[in-house]
1. To make sure I understand, if each residue's beta carbon is the centre and we count other beta carbons within 10 Å, what order do 75, 198 fall in, fewest to most?
2. How do 55, 102, 14, 134 rank when sorted from fewest to most other Cβ atoms within 10 Å of their own Cβ?
3. Mind ranking 174-187, 34-47 by how tightly packed they are, going by the mean number of other C-beta atoms within 10 angstrom, highest first?
4. Sort 29, 132 by Cβ crowding within 10 Å, fewest neighbours at the top.
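Each reported figure results from applying straightforward, stated rules to the coordinates on display, with no laboratory input. Only a predicted model underlies this, so the values are computations on that prediction, with no experimental measurement involved. Methodologically, a virtual Cβ is constructed for each residue, glycine included, from the backbone with ideal geometry; neighbour enumeration extends over all protein chains shown.
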């Protein structure tokens with residue numbers, strides 16, 4: 001028996017537990033994040049507690065009752081939305097929010113982002129599609145993002161796409177980047193898959209990317225390089241021969 005046998009045994013057990021440990025870590029991190037913003041000590045938690053204080057003097061019970069009341073009101077709003085009053089309710093909320101300076105713009109962007117998560121909103125899913133951004137052109141660093149609108153805009157006379165790059169592991173915020181249109185390629189993944197990649201901090205990306213019909217492979221030794229690289233290599237060879 002070799003000396004590294006105990007190490008291999010330990011490594012085998014470690015690799016088995018690693019996915020479970022990462023999953024638990026992500027769940028705990030998300031739970032801590034949600035508790036920080038929705039817990040009893042947060043601003044939202046204090047509002048829920050104040051609502052429940054009308055029914056109980058206990059802070060815990062008041063917080064729970066406030067949460068139940070808010071959830072019930074949201075459920076009633078959902079019933080109205082699913083009824084024939086959906087258009088009127090949405091129009092009323094949109095008209096009220098868009099009248100407020102700056103808040104209206106923020107509300108419009110948030111509404112567009114939430115629309116892609118709603119399976120009923122087919123227009124939202126089509127208007128924001130996953131794309132690959134190859135910075136520097138083909139073969140450059142690749143970033144997976146969302147394309148809010150298919151039509152590019154002109155910056156300095158050149159076409160650029162507006163790309164939304166979510167943040168990980170909570171893809172609520174992110175960055176808005178204007179990328180040259182030639183660097184943007186359609187991604188062979190859905191919106192839900194894109195979100196799962198960011199939530200898992202890239203753990204699921206090898207399984208998703210490699211399984212697509214349009215996967216991006218690294219060049220192998222002997223493969224033909226792109227024209228730009230071949231031209232650069234030939235130019236370098238000619239310079240050496242001239243010397």
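1. Lowest count first: 75, 198.
2. Least crowded to most crowded, the residues run 102, 14, 55, 134.
3. 174-187, 34-47
4. 29, 132
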